[in-house]
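Q: Could you have a look at this structure, given as structure tokens, before my questions?
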Amino acid sequence: AQKVTQTQTSISVVEKTTVTMDCVYETRDSSYFLFWYKQTASGEIVFLIRQDSYKKENATVGHYSLNFQKPKSSIGLIITATQIEDSAVYFCAMRDYMTNSAGNKLTFGIGTRVLVRP
Amino acid sequence: GGIITQTPKFLIGQEGQKLTLKCQQNFNHDTMYWYRQDSGKGLRLIYYSITENDLQKGDLSEGYDASREKKSSFSLTVTSAQKNEMAVFLCASSIARDNYAEQFFGPGTRLTVL
């Protein structure tokens, strides 16, 4: 079974600095997809960024980037120039292997709560 | 763009009661999902559906039924509510053709069982 582990329960940073959060995963698949989602205080969940396992370069979207270390089964999320509104819970997720290609069965980690303070 | 709506927003039930949660999406997505979120835990998949009238069990399907009446709607039924149960149920959808398609989430239904 696939497994996604986020060991950091919460992180507090000062505004405009960089925050890094960890995620390790377990899979038997040779090809897989890794995602990060953000859940705001209102409960809204939005997709942030994706890493395809066959790509060596780290994905980057805006001030979000990934630190993909395939030999370590690790996919860290880095947020640079943090803003107050980056305060949220961040979930790491992995796409399960499916016998058909339809759908996107994800396994989620338990999340890391980030507080960005002034 | 599109939107996912979930009804009701808050649901209070009694122990043993059968409760139904509804989800509608106008993205025209093929695949829809129901997740459960408990405090301090990640999202756990209950059921998903890759097309109308299709149902697939997730890791947490025991105690639940689901129904995909049409492409745009997906319902979840708690077959017998458990006393003191509290959780948020999240509906999501995605296009089917891509293995890496992002999921779009609804605002959730917050369940409390007295």
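Coordinate-derived values only; no laboratory data. The model shown is predicted, which means the values in this text are computed figures rather than measured ones. Using ideal geometry, Cβ is built from the backbone for each residue, glycine included, and neighbour counts are taken over all protein chains shown.
Q: Please list 3J(HN,Hα) in residue order for region B:43-55, calculated via the Karplus relation 6.51 cos²θ - 1.76 cosθ + 1.60 where θ = phi - 60°; whole Hz, with x for glycine and proline.
A: Once θ is set to phi - 60°, the couplings for region B:43-55 become 7, 10, 7, 9, 9, 9, 9, 8, 6, 3, 6, 9, 9 Hz.
Q: Let me ask something else about it. Between A:THR5 and A:ASN58, what length in nm is gained on full extension when 0.36 nm per residue of separation is reduced by their alpha carbon distance?
A: So the extension gain works out to 17.1 nm.
Q: Would you please give the residues with an amide H less than 5 Å from that of A:GLN8, counting only those at least 5 places away or on a separate chain, with H modeled from the backbone geometry?
A: It is A:ASP22, by chain and number.
Q: Output wanted: per-residue J couplings in Hz (rounded whole) for region B:25-35, from phi through Karplus 6.51 cos²θ - 1.76 cosθ + 1.60, θ = phi - 60°, x for Gly and Pro.
A: Working through the residues one at a time gives 10, 10, 7, 6, 6, 7, 9, 10, 9, 10, 10 Hz.
Q: If you project the alpha carbons of chain B onto the principal axes, what extent comes out on each, in Å, largest first?
A: So the extents along the principal axes, rounded to whole Å, are 41, 27, 23.
Q: Relative contact order of chain A: what whole-number percent is it, with Cα pairs under 8 angstrom and at least 6 residues apart?
A: Dividing the mean separation by the residue count of chain A yields 36 percent.
Q: Name the residues of region B:67-85 whose amide N is less than 15 Å from a point 7 angstrom out from the Cα of B:THR51 along the C-beta direction?
A: Only B:68-72 pass the distance filter.
Q: Quick one: compute the contact order of chain B, relative version, from alpha carbon pairs under 8 angstrom and 6+ residues apart, as a percent.
A: Computed value for chain B: 35 percent relative contact order.
Q: Which of A:VAL24, A:VAL89, A:VAL61 moves most in a GNM of chain A, Cα contacts under 10 Å?
A: Fluctuation is largest for A:VAL61.
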